[in-house]
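Q: Here it is, the structure, as structure tokens.
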Amino acid sequence: MSIYQEIILNHYQHPHNHGVVPDADSDVSVVNSACGDSIRVTLATDGETIINIAFEGHGCAISTASASMLTDHVKNMSLVEARKLTIHDVLKLLGIELTAGRVKCALLPLEGIHTALHKLEG
Amino acid sequence: MIDVAKDFPLLSNHPDLTYLDSAATALKPQSVIDRMTEYYSSYSANIHRGLYALSEKASSEYEETRQVVADFIHASSSDEIIFTRNATESINLIAYALGREVVDPGDTVVSTIIEHHANFIPWQQLAFQNDAEFKVIDCTDTGELDIYNKQGHIDLADIVTEKTRFFALSYVSNVLGTIQPVKEIIKAVRAINPKTLIVIDAAQALPHMPVDVQDLDCDFLVFSSHKMCGPTGVGVLWGKAAILDHMPPFLFGGDIIREVRIEETVFAQAPYRFEAGTPDIAGVIGLKAAVRYLQGVGMEKIYAHEQNLAHILLGSLTSAFGDALTTLGAKSSAPRLALAAFELDGCHPHDVAALLDEQGIAVRAGNHCAMPLHTRLKAHATTRASLYLYNSEDDIEKLTLALQKAQKILCPSIKK
């Protein structure tokens, strides 16, 4: 079964939360060294929850769809809960089976969000 | 017309596969597989010191490859052939065994922006570690090496000086598919500094065209077995005898010695001095079978086949996609092989490769171990299709149709 389901393609062609959060509390960029794809994540928080989040960058359909769905998912989520998200949560959101090679693509936005959250502590 | 697909069992085992990733690794003809299986089932003894029949047979089969390879590249002696693990290890051998010794602070080590990381990083690190300058020859926006003066002649006056210890260059780019004017470049280097050690990476060239090391007049030439229908795990380093004779060993261990005492070790002559430990005996025997297979088809025929496919490939991509598809180096005037690394507007190479895979086509996506080149040509990543003697015009048609399908899925709004 193709991983390029309509829902993935929709998120790829019209990604949610694409852009930059103004006056962000955290602004980070992460790179997938395997392919050179990069993603920038900006987020704003009220101290306890993520009140706004956005992403931009070079990415394939899988990483873009993942970023789109993931940023939707973490909006208004508590920082504590957001930090606990794993690749399994991402794959559940995407709803497709990925080969080991593509899992890295789906992981990139999650790494971006975790890095952004980590920077808040610093 | 070459029609050899039937010689390659993988293609019969995967009748729906269109394999377009030979630049990554080539498929293997049955004869190569048979020769290796024969070693393992009939005479898999160790080489060089056994005094029984099986070992003598293994030794002679192994050593025969040396002469077969020497003849294949027109080396003057089989003593100039060193077996390594792959082209990457061959280059590292030069950099470690010789480079570390001869590169002094203030010297220069030259490579180019179009190199595979294997012929870039070893020189970069050698320069850094020995406090030498790492000079990288740039390319133009169309992928030509920036070595020509206004009259269109090769002019290396700004690049090579009396301090240039090494000059490393690939014969064929694994991203651009273009064939560099290696012989002319070598002449130009030697005209400025006859002592510069010239290293040619022939990994992408040797499988596809006749190569003559004496005619080129390089000092070293490297290639990998697996890219020329041979097994993985074997590479070759060819070096001029006079240079190898003065090179210290790379790895130390068994087989490289004449005498070992507590106070000192006396090393053997080249090439044995550079082959420590038990090598990939089956692999070297497999390489011999691969060379013989290619010679049986004919290197000139293979080259002509590829030139034809290159022309069809580029033409097909252009007529199907127009400006929406950019093939790196397509606008270069250099001759080329049937290899195209391209960007398709609005379509990420990963997605293109994945969608092509869903249609049974194997291509590669990323930067193909040539990050500096991709950065220079402002390409984030590319999809690369590379053809070889077992590919045909049909494969190009399949590729083009599949790409059109992928484009429709990924960016339906893009018009040609």
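Here, each number is a calculation from the coordinates, and none is a lab measurement. It should be emphasised that the depicted structure is a prediction, and the values quoted were computed from it without experimental measurement. We place every Cβ from the backbone using ideal geometry, glycine too, and count neighbours over all the protein chains shown.
Q: Out of B:Lys378, B:Lys408, I need the residue that is over 22 Å from A:Cys35 (Cβ atoms) and free of Cβ contacts under 8 Å to residues at least 12 places away in the same chain. Which one?
A: None of the other options fit; the residue is B:Lys408.
Q: Would you please list the contacts, defined by Cβ atoms under 7 Å and residues six or more apart or on different chains, that run from a residue in the stretch A:1-17 that is within 10 Å of chain B (Cβ to nearest Cβ) to a residue that is buried (at least 17 other Cβ atoms within 10 Å of the Cβ) and hydroxyl-bearing (Ser, Thr, Tyr)?
A: From residues that are within 10 Å of chain B (Cβ to nearest Cβ), the pairs are A:Tyr12/A:Thr64.
Q: Continuing with this model, one more query. Name every residue in the stretch B:61-78 that is of a type in the set (Phe, Trp, Tyr) and within 19 Å of the chain's Cα centre (by Cα), in order of residue number.
A: Matches in the stretch B:61-78: B:Phe72 only.
Q: Related question: Given the condition charged (D, E, K, R), free of Cβ contacts under 8 Å to residues at least 24 places away in the same chain and out of contact with any helix residue (DSSP H, G or I) (no Cβ under 8 Å at 6 or more places or on another chain), answer yes or no: does some residue in the stretch A:66-73 qualify?
A: no
Q: If I filter the stretch A:80-89 for residues that are out of contact with any Phe, Trp or Tyr (no Cβ under 7 Å at 6 or more places or on another chain) and polar (S, T, N, Q), do I get at least one hit?
A: There is at least one residue in the stretch A:80-89 that is out of contact with any Phe, Trp or Tyr (no Cβ under 7 Å at 6 or more places or on another chain) and polar (S, T, N, Q).
Q: Right, next: Among the listed residues B:Ser76, B:Ser44, B:Ser55, identify the single one that is within 26 Å of B:Cys218 (Cα to Cα) and either small (Gly, Ala, Ser) or in a strand (DSSP E or B) (or both).
A: Criteria check complete, one pass: B:Ser76.
Q: Also, I was wondering about something else. Can you work out which of the residues in the stretch A:51-64 that are within 16 Å of A:Ala24 (Cα to Cα) and not charged (D, E, K, R) is nearest to the other protein chains (Cβ to nearest Cβ)?
A: Here the answer is A:Phe55.
Q: Name the residues in the stretch B:342-363 that are within 11 Å of chain A (Cβ to nearest Cβ) and at negative phi, would you?
A: Within the stretch B:342-363, B:Cys347, B:His348, B:Pro349, B:His350, B:Asp351, B:Val352, B:Ala353, B:Ala354, B:Leu355, B:Asp357, B:Glu358, B:Gln359 qualify.
Q: Kindly evaluate B:Ala402 against the criterion of being in contact with an Asp or Glu (Cβ under 8 Å, 6 or more places away or on another chain) and either closer than 23 Å to B:Thr88 by Cβ or in contact (Cβ under 8 Å) with a residue 24 or more places away in the chain (or both).
A: Judged against the criteria, B:Ala402 is not a match.
Q: Quick one: would you say B:Asn130 is among the polar types (S, T, N, Q) and in contact with a strand residue (DSSP E or B) (Cβ under 6 Å, 6 or more places away or on another chain)?
A: Against the criterion (among the polar types (S, T, N, Q) and in contact with a strand residue (DSSP E or B) (Cβ under 6 Å, 6 or more places away or on another chain)), B:Asn130 does not qualify.
Q: When only residues in the stretch A:37-95 that are in contact with a Gly (Cβ under 7 Å, 6 or more places away or on another chain) and more than 13 Å from A:Glu111 (Cβ to Cβ) count, which is surrounded by the fewest Cβ atoms within 10 Å (Cβ to Cβ)?
A: My answer is A:Glu56.
Q: What residue, among those in the stretch B:364-402 that are of a type in the set (Lys, Arg) and closer than 23 Å to B:Ala203 by Cα, is nearest to the other protein chains (Cβ to nearest Cβ)?
A: Going through the qualifying residues, I end up with B:Arg364.
Q: What do you reckon, is A:His118 surrounded by 15 or more Cβ atoms within 10 Å (Cβ to Cβ) and more than 11 Å from chain B (Cβ to nearest Cβ)?
A: So A:His118 fails the test.
Q: Given the options B:Leu126, B:Leu145, B:Leu169, B:Leu156, name the one that is touching a Gly at 6+ places or on another chain (Cβ under 6 Å) and surrounded by 16 or more Cβ atoms within 10 Å (Cβ to Cβ).
A: B:Leu126
Q: Now for a separate question. Among A:Ser33, A:Ser38, A:Ser29, which is the only one that is more than 14 Å from chain B (Cβ to nearest Cβ) and within 26 Å of B:Ala365 (Cα to Cα)?
A: A:Ser29
Q: Which residues, taken from the stretch B:341-385, are of a type outside the set (A, V, I, L, M, F, W, C), over 23 Å from B:Ala26 (Cα atoms) and either touching an Asp or Glu at 6+ places or on another chain (Cβ under 8 Å) or outside any helix (DSSP H, G or I) (or both)?
A: Listed by number, the residues that qualify are B:Glu343, B:Asp345, B:Gly346, B:His348, B:Pro372, B:Arg376, B:Lys378, B:His380.
Q: Tell me which residues, restricted to the stretch B:285-316, are farther than 26 Å from B:Lys331 by Cβ and small (Gly, Ala, Ser).
A: Selection gives B:Gly286, B:Ala289, B:Ala290, B:Gly296, B:Gly298.
Quick grid of which residues meet (1) more than 14 Å from chain B (Cβ to nearest Cβ); (2) within 24 Å of B:Ile409 (Cα to Cα):
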{"position": "A:Thr49", "(1), (2)": "yes, no"}
{"position": "A:Ser68", "(1), (2)": "yes, yes"}
{"position": "A:Asn76", "(1), (2)": "yes, no"}
{"position": "A:Leu98", "(1), (2)": "no, yes"}
{"position": "A:Gly101", "(1), (2)": "no, yes"}
